Amino acid sequence: MTSTLDIFWIVLTFCALWVAAFLCWALYHIAMIARKVHVVVDEVKTTLEQIEGAIHGVKEKLAEHASLLNPLVALAATAIRKHKDKKEPK
(Lines give C-alpha, C1' and ligand atoms only; values in the text may rest on other atoms or scores of the structure.)
Protein backbone atom coordinates (compact mmCIF):
# COMPACT_ATOMS: atom_id res chain seq x y z
CA MET A 1 0.00 0.00 0.00
CA THR A 2 1.12 3.54 -0.72
CA SER A 3 1.35 5.82 2.24
CA THR A 4 0.55 9.52 2.32
CA LEU A 5 4.27 10.32 2.58
CA ASP A 6 4.92 8.45 -0.68
CA ILE A 7 2.13 10.40 -2.40
CA PHE A 8 3.60 13.64 -1.03
CA TRP A 9 7.02 12.84 -2.52
CA ILE A 10 5.49 11.93 -5.88
CA VAL A 11 3.50 15.18 -5.98
CA LEU A 12 6.57 17.18 -4.86
CA THR A 13 8.69 15.57 -7.59
CA PHE A 14 6.01 16.34 -10.17
CA CYS A 15 5.88 19.98 -9.02
CA ALA A 16 9.68 20.26 -9.16
CA LEU A 17 9.58 18.91 -12.71
CA TRP A 18 7.02 21.56 -13.72
CA VAL A 19 9.01 24.33 -12.07
CA ALA A 20 12.16 23.19 -13.88
CA ALA A 21 10.29 23.05 -17.20
CA PHE A 22 8.89 26.55 -16.65
CA LEU A 23 12.32 27.95 -15.76
CA CYS A 24 13.84 26.39 -18.89
CA TRP A 25 11.04 27.85 -21.02
CA ALA A 26 11.44 31.30 -19.43
CA LEU A 27 15.23 31.20 -19.80
CA TYR A 28 14.88 30.28 -23.48
CA HIS A 29 12.57 33.22 -24.15
CA ILE A 30 14.80 35.61 -22.20
CA ALA A 31 17.76 34.43 -24.28
CA MET A 32 15.80 34.98 -27.53
CA ILE A 33 14.84 38.50 -26.44
CA ALA A 34 18.46 39.25 -25.56
CA ARG A 35 19.54 37.94 -28.97
CA LYS A 36 17.03 40.16 -30.78
CA VAL A 37 18.16 43.17 -28.76
CA HIS A 38 21.78 42.38 -29.67
CA VAL A 39 20.91 42.18 -33.38
CA VAL A 40 19.03 45.50 -33.22
CA VAL A 41 21.91 47.18 -31.39
CA ASP A 42 24.36 45.92 -34.02
CA GLU A 43 22.14 47.28 -36.81
CA VAL A 44 21.83 50.64 -35.07
CA LYS A 45 25.59 50.75 -34.56
CA THR A 46 26.20 50.02 -38.25
CA THR A 47 23.69 52.68 -39.29
CA LEU A 48 25.25 55.27 -37.00
CA GLU A 49 28.71 54.48 -38.39
CA GLN A 50 27.37 54.99 -41.93
CA ILE A 51 25.75 58.28 -40.93
CA GLU A 52 28.97 59.38 -39.25
CA GLY A 53 30.91 58.53 -42.41
CA ALA A 54 28.49 60.49 -44.57
CA ILE A 55 28.69 63.52 -42.26
CA HIS A 56 32.49 63.30 -42.25
CA GLY A 57 32.50 63.17 -46.07
CA VAL A 58 30.23 66.20 -46.33
CA LYS A 59 32.39 68.05 -43.82
CA GLU A 60 35.53 67.30 -45.86
CA LYS A 61 33.83 68.46 -49.07
CA LEU A 62 32.69 71.69 -47.42
CA ALA A 63 36.16 72.32 -46.02
CA GLU A 64 37.66 71.71 -49.46
CA HIS A 65 35.21 74.09 -51.14
CA ALA A 66 35.69 76.68 -48.40
CA SER A 67 39.46 76.60 -48.93
CA LEU A 68 38.88 77.18 -52.65
CA LEU A 69 36.36 79.92 -51.95
CA ASN A 70 38.67 82.09 -49.79
CA PRO A 71 40.94 83.21 -52.67
CA LEU A 72 37.89 83.92 -54.84
CA VAL A 73 36.33 86.07 -52.13
CA ALA A 74 39.59 87.96 -51.69
CA LEU A 75 39.86 88.50 -55.45
CA ALA A 76 36.27 89.72 -55.62
CA ALA A 77 36.89 92.10 -52.70
CA THR A 78 39.94 93.63 -54.38
CA ALA A 79 38.01 93.94 -57.66
CA ILE A 80 35.14 95.71 -55.89
CA ARG A 81 37.57 98.05 -54.12
CA LYS A 82 39.28 98.90 -57.39
CA HIS A 83 35.89 99.46 -59.03
CA LYS A 84 34.86 101.80 -56.18
CA ASP A 85 38.14 103.66 -56.41
CA LYS A 86 37.60 104.23 -60.15
CA LYS A 87 34.07 105.54 -59.58
CA GLU A 88 34.98 107.99 -56.84
CA PRO A 89 36.00 111.39 -58.15
CA LYS A 90 39.33 112.70 -56.99
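A quick yes/no check of all residues on (1) surrounded by 10 or more Cβ atoms within 10 Å (Cβ to Cβ); (2) without any contact (Cβ under 8 Å) to a residue 12 or more places away in the chain; (3) more than 43 Å from the chain's Cα centre (by Cα):
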{"site": "ASP6", "(1), (2), (3)": "yes, yes, yes"}
{"site": "ILE10", "(1), (2), (3)": "yes, yes, yes"}
{"site": "LEU17", "(1), (2), (3)": "yes, yes, no"}
{"site": "LEU23", "(1), (2), (3)": "yes, yes, no"}
{"site": "ASP42", "(1), (2), (3)": "yes, yes, no"}
{"site": "GLU60", "(1), (2), (3)": "yes, yes, no"}
{"site": "SER67", "(1), (2), (3)": "no, yes, no"}
{"site": "LYS87", "(1), (2), (3)": "no, yes, yes"}
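If you check ILE30, ILE80 for being on the phi < 0 side of the Ramachandran plot, modelled with pLDDT under 90, assigned to a helix (DSSP H, G or I) and surrounded by 10 or more Cβ atoms within 10 Å (Cβ to Cβ), only one passes: ILE80.
Here are some residues: GLU60, GLU49. Which one is of a type outside the set (Phe, Trp, Tyr), modelled with pLDDT of 95 or more and part of a helix (DSSP H, G or I)? Spell out how you get there, then give the answer.
Working: GLU60 fails: modelled with pLDDT of 95 or more.
Of GLU60, GLU49, the one residue that is of a type outside the set (Phe, Trp, Tyr), modelled with pLDDT of 95 or more and part of a helix (DSSP H, G or I) is GLU49.
The values are calculated or read from the model by the stated rules, or taken from the named source; none is laboratory data. Treat the numbers as computed from the prediction; the structure is a model and nothing was measured. Methodologically, a virtual Cβ is constructed for each residue, glycine included, from the backbone with ideal geometry; neighbour enumeration extends over all protein chains shown.
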